[in-house]
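Colleague: Sharing a structure, written as structure tokens. Questions coming.
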């Protein structure tokens with residue numbers, strides 16, 4: 001199975017039904033993508049597949065064939081990712097931090113599609129990402145901050 005992982009070509013010989021999550025974590029060693037619920041309900045395992053956020057726990061590795069996969073480990077190499085990560089720090093978004101890689105991946109996908117999202121846009125885009133610590137208001141502020149930083153770039 002050949003695809004691009006964080007900007008680099010990769011060829012993996014795995015069972016096509018293996019989840020992208022376990023291929024990333026157990027085979028490649030990229031542990032930033034988290035296992036949460038295993039049912040694609042919490043968003044902790046969010047990665048980008050050709051720029052679209054997907055739940056890696058329920059995405060078979062075969063779905064990545066011929067595509068670009070971006071994980072939290074490489075999102076900071078993009079201008080949107082840099083802005084989001086900076087805003088996350090400035091707004092002290094993380095508490096326990098477990099969900100934050102999925103939250104950041106969802107926020108980056110949103111800002112890539114809608115550079116100036118409304119609160120409703122943010123709520124809709126982030127609704128599938130759960131945070132047990134309840135940092136939702138700080139997440140919204142951080143997304144607006146990252147969007148504003150894009151205006152200055």
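The values are calculated or read from the model by the stated rules, or taken from the named source; none is laboratory data. Being a predicted model, the structure only gives us computed values, none of them experimental. As a convention, Cβ positions derive from the backbone with ideal geometry for all residues, glycine included, and neighbour counts pool all protein chains shown.
Colleague: If I go through the range 28-49 residue by residue, how many of them are touching a helix residue (DSSP H, G or I) at 6+ places or on another chain (Cβ under 9 Å) and under 18 Å from residue 8 (Cβ atoms)?
Modeller: 7
Colleague: Kindly indicate the residue of the range 56-90 that is in a strand (DSSP E or B) and in contact with a strand residue (DSSP E or B) (Cβ under 6 Å, 6 or more places away or on another chain) and also nearest to residue 129 (Cα to Cα) among those meeting that condition.
Modeller: 70
Colleague: Give the residues of the range 74-93 that are surrounded by fewer than 21 Cβ atoms within 10 Å (Cβ to Cβ), touching a residue at least 40 places away in the same chain (Cβ under 8 Å) and touching a helix residue (DSSP H, G or I) at 6+ places or on another chain (Cβ under 9 Å), sorted by residue number.
Modeller: 74, 79, 86, 90, 91, 92
Colleague: Cβ-Cβ distance below 7 Å, separation of 6 or more or different chains: which pairs start in the range 94-115 with a residue that is assigned by TED's automatic domain parsing to the domain that holds residue 40 and over 15 Å from residue 52 (Cβ atoms) and end on one that is modelled with pLDDT of 95 or more and surrounded by fewer than 22 Cβ atoms within 10 Å (Cβ to Cβ)?
Modeller: Close Cβ pairs satisfying both conditions: none exist.
Colleague: Among 20, 14, which is the only one that is touching a helix residue (DSSP H, G or I) at 6+ places or on another chain (Cβ under 6 Å), modelled with pLDDT of 95 or more and over 24 Å from residue 126 (Cα atoms)?
Modeller: Of the residues listed, the single one that is touching a helix residue (DSSP H, G or I) at 6+ places or on another chain (Cβ under 6 Å), modelled with pLDDT of 95 or more and over 24 Å from residue 126 (Cα atoms) is 14.
Colleague: Still on this model: Determine, yes or no, whether residue 49 is under 14 Å from the mean Cα position of the chain (by Cα) and in the same structural domain as residue 13 (by TED's automatic domain parsing).
Modeller: Numbers: under 14 Å from the mean Cα position of the chain (by Cα): yes; in the same structural domain as residue 13 (by TED's automatic domain parsing): yes.
Yes: the conditions hold for residue 49.
Colleague: Residues in the range 11-24: is at least one buried (at least 23 other Cβ atoms within 10 Å of the Cβ) and in contact (Cβ under 8 Å) with a residue 60 or more places away in the chain?
Modeller: no
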